[in-house]
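Data first, discussion second: the structure below is written as structure tokens.
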Amino acid sequence: MKYTFVKWIDAMSVDAWTERDQATPELGEIHSIGIIIAENSKVLTLALNCDITNDSFSCIMHIPKCCIFYRSSVKLS
């Protein structure tokens, strides 16, 4: 299995009533570590958990590659 660490930009939301002058345009910087389970030219798919016996995964996240601004391999011993 291959593991990776990525820094990426994600959308943010505010659930409360907000006046226009307080609604500043911001994006969230997200840091994720996971098992690479799929990848193509547009999307990196990571999972947080793997059931080795059944080759199944949970907590799967699809990250658009255009949002990733840093990526590094993670080596586990």
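The values are calculated or read from the model by the stated rules, or taken from the named source; none is laboratory data. Just so it is clear, the model here is predicted, and its values are computed rather than measured. Each accessible area value is taken on the protein alone, full model and side chains, heavy atoms only, with ligands, DNA and RNA left out. Shrake-Rupley method; radii C 1.70, N 1.55, O 1.52, S 1.80 Å.
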With 0.36 nm assigned to each residue of separation and the Cα-Cα distance removed, Leu27 to Ser41 gains 2.7 nm
Placing one equal point scatterer on each C-alpha of the chain and summing with Debye, one gets log10 I(q)/I(0) at q = 0.12, 0.13, 0.23, 0.25 Å⁻¹ equal to -0.44, -0.50, -1.05, -1.18
Note: Lys2 to Ile60 extended length (0.36 nm per residue) minus current alpha-carbon separation gives 19.4 nm
Expected unfolding gain across Thr18-Val74 under the 0.36 nm per residue rule, minus the alpha-carbon gap, is 16.1 nm
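At a 1.4 Å probe radius, which order do Thr53, Thr4 fall into by accessible area, largest first?
Ranked from most to least accessible, the order is Thr53, Thr4.
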